[in-house]
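Before any comments, here is the structure.
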Amino acid sequence: MPDISALLDEHLAVAKAVGRLLPSVVDVTNRICQALEAGGCLHAFGNGGSAADAQHLVAELIGRYDRDRRPLPAVALSVDPSVVTCIANDYSFEEVFARQVDALAWPGDVVVGFTTSGRSPNVVSGLIAGRRRGATTVLFGGGDGGLALEYADVALMVPSKTTARIQEMHGLLVHLISDGIDSWATDGHREHPRRTRETEA
């Protein structure tokens with residue numbers, strides 16, 4: 001039987017250390033709000049538990065976090081099995097997010113990758129595609145950030161090398177950002193339509 005009290009102590013220590021990320025949390029929140037204000041969209045992705053974290057962030061935007069407000073444009077790129085398996089089968093699993101970002105992201109959008117190691121090839125490729133498309137790239141990572149850190153305009157790096165602790169903090173960070181977005185979206189901001197090909201031309 002593992003020492004669960006030691007696991008809780010580790011969780012609390014990492015949560016306390018996450019306090020130093022608060023300036024970056026504010027930065028990410030502001031970048032997302034600026035993109036949404038301009039009619040942009042958020043695109044999020046990850047693998048396994050990180051895919052669930054990406055879906056969590058998107059759910060908070062399209063639904064709501066704590067306050068009633070308009071739905072905000074966001075998409076999780078792991079949730080369409082036909083698209084994911086088509087790309088993985090016809091190209092490679094490394095391309096499952098990048099190809100969707102190339103298809104869906106516009107300049108000024110926000111592309112968010114979740115990876116606890118920073119070394120997931122498909123997440124790295126997705127962030128590279130975000131840069132290529134002129135989107136702001138955001139990394140939810142941990143440890144040293146791996147290769148993914150090189151392609152992030154802003155990164156939320158949990159100070160831990162333990163996957164479980166990093167994912168626990170990613171959930172907390174998603175909630176902190178969602179609270180800030182809720183505040184922005186309910187503070188008298190008018191609705192902005194999504195951009196179209198015509199408005200981009």
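No lab work stands behind these numbers, since they all come straight from the coordinates. Predicted model, so just to flag it, every value in this text is computed and none were measured. Cβ placement follows ideal geometry from the backbone for every residue including glycine, while neighbour counts extend to all protein chains displayed.
Do the conditions hold for residue 54, that is, is it touching a Ser or Thr at 6+ places or on another chain (Cβ under 8 Å) and surrounded by 17 or more Cβ atoms within 10 Å (Cβ to Cβ)?
Considered against the rule, which asks whether it is touching a Ser or Thr at 6+ places or on another chain (Cβ under 8 Å) and surrounded by 17 or more Cβ atoms within 10 Å (Cβ to Cβ), residue 54 comes out as yes.
Are there strands (runs of 3 or more DSSP E) fully within region 78-166 with at least 2 residues that are under 13 Å from residue 43 (Cβ atoms)? List them.
Per the criteria, 110-114, 136-142.
Being over 17 Å from residue 156 (Cα atoms) and in contact (Cβ under 8 Å) with a residue 60 or more places away in the chain is the requirement here; does residue 122 meet it?
yes
Of the residues that sit in region 48-76 and are touching a residue at least 60 places away in the same chain (Cβ under 8 Å) and under 18 Å from residue 141 (Cα atoms), which one is farthest from the chain's Cα centre (by Cα)?
49
Criterion first (outside any helix (DSSP H, G or I), more than 13 Å from the chain's Cα centre (by Cα) and either surrounded by fewer than 18 Cβ atoms within 10 Å (Cβ to Cβ) or not acidic (Asp, Glu) (or both)) does residue 20 satisfy it?
no
Taking the conditions exactly as written (crowded, with 19+ Cβ neighbours inside 10 Å and either of a type outside the set (A, V, I, L, M, F, W, C) or out of contact with any Pro (no Cβ under 7 Å at 6 or more places or on another chain) (or both)), does residue 97 satisfy them or not?
Yes: the conditions hold for residue 97.
Given the criteria surrounded by fewer than 17 Cβ atoms within 10 Å (Cβ to Cβ), touching a Leu at 6+ places or on another chain (Cβ under 9 Å) and free of Cβ contacts under 8 Å to residues at least 60 places away in the same chain, does residue 79 qualify?
no
Could you list, in sequence order, the residues of region 56-75 that are over 15 Å from residue 40 (Cα atoms) and either assigned to a helix (DSSP H, G or I) or aliphatic (A, V, I, L, M) (or both)?
56, 57, 59, 60
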